[in-house]
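Down below is the structure, laid out as structure tokens.
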Amino acid sequence: VQLQASGGGSVTSGGSLRLSCAASWRIFSTYDVGWFRQAPGKEREFVAAINENGGTADYLDSVKGRFTISRDNAKNSVYLQMNSLKPEDTAIYHCAATRGYIITRVASRYDFWGQGTLVTVSS
């Protein structure tokens, strides 16, 4: 069971990036998936989550209207489209998966984690 996050990079303020989270197992479609980020010297924070069928999503207030989470279960993948990026979005972004009744912002409820992908936004 592995999650592979990719798509990070360096952009200037206002730019866009699309992160991808690919899973190595076929039952990925039965898992809710979340994106979390951790900036240097700060605690990890929830960014966005999507339920197993893609019908429900939740976002951190500061990214609402700028970020969009989506998934393609046929490709065992979840995406985070990030637009209008700001320097405060700079962090290592991780994807994680969990089985639950509702999507959650609580990191400890996620069972599987991918390695992070670094997003750097310069002003």
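The values are calculated or read from the model by the stated rules, or taken from the named source; none is laboratory data. These numbers come from a predicted model, not from an experiment. A quick note on method: Cβ atoms are made from the backbone with ideal geometry, for glycine too, and the neighbour counts reach across all protein chains shown. Each accessible area value is taken on the protein alone, full model and side chains, heavy atoms only, with ligands, DNA and RNA left out. Shrake-Rupley method; radii C 1.70, N 1.55, O 1.52, S 1.80 Å.
A few comments on the model shown:
- Arg71 vs. criteria touching a strand residue (DSSP E or B) at 6+ places or on another chain (Cβ under 9 Å) and open to solvent by 20 Å² or more (accessible area, probe 1.4 Å): yes
- Condition met for Ser10 (in contact with a Lys or Arg (Cβ under 7 Å, 6 or more places away or on another chain) and either open to solvent by 40 Å² or more (accessible area, probe 1.4 Å) or in a strand (DSSP E or B) (or both)): no
- Residues (open to solvent by 60 Å² or more (accessible area, probe 1.4 Å), of a type outside the set (Val, Ile, Thr) and modelled with pLDDT of 95 or more) located in the range 85-107: Lys86, Glu88, Arg105
- Ala39 vs. criteria over 14 Å from Asp72 (Cβ atoms) and open to solvent by less than 50 Å² (accessible area, probe 1.4 Å): yes
- Complete set of residues in the range 42-53 that are more than 19 Å from Leu85 (Cβ to Cβ), out of contact with any Phe, Trp or Tyr (no Cβ under 8 Å at 6 or more places or on another chain) and either surrounded by 17 or more Cβ atoms within 10 Å (Cβ to Cβ) or at pLDDT 95 or above (or both): Glu43, Ile50, Asn51
- The single condition among (1) outside any loop (DSSP other than H, G, I, E, B); (2) touching a strand residue (DSSP E or B) at 6+ places or on another chain (Cβ under 9 Å); (3) at pLDDT below 95; (4) open to solvent by 50 Å² or more (accessible area, probe 1.4 Å) that Phe28 does not meet is (4).
Yes/no per residue for (1) closer than 23 Å to Gly14 by Cα; (2) touching a residue at least 40 places away in the same chain (Cβ under 8 Å); (3) touching a helix residue (DSSP H, G or I) at 6+ places or on another chain (Cβ under 6 Å):
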| residue | (1), (2), (3) |
| --- | --- |
| Leu80 | yes, yes, no |
| Asn83 | yes, yes, no |
| Pro87 | yes, yes, no |
| Ile92 | yes, yes, no |
| Arg99 | no, yes, no |
| Arg105 | no, yes, no |
| Ser108 | no, no, no |
| Leu118 | yes, yes, no |
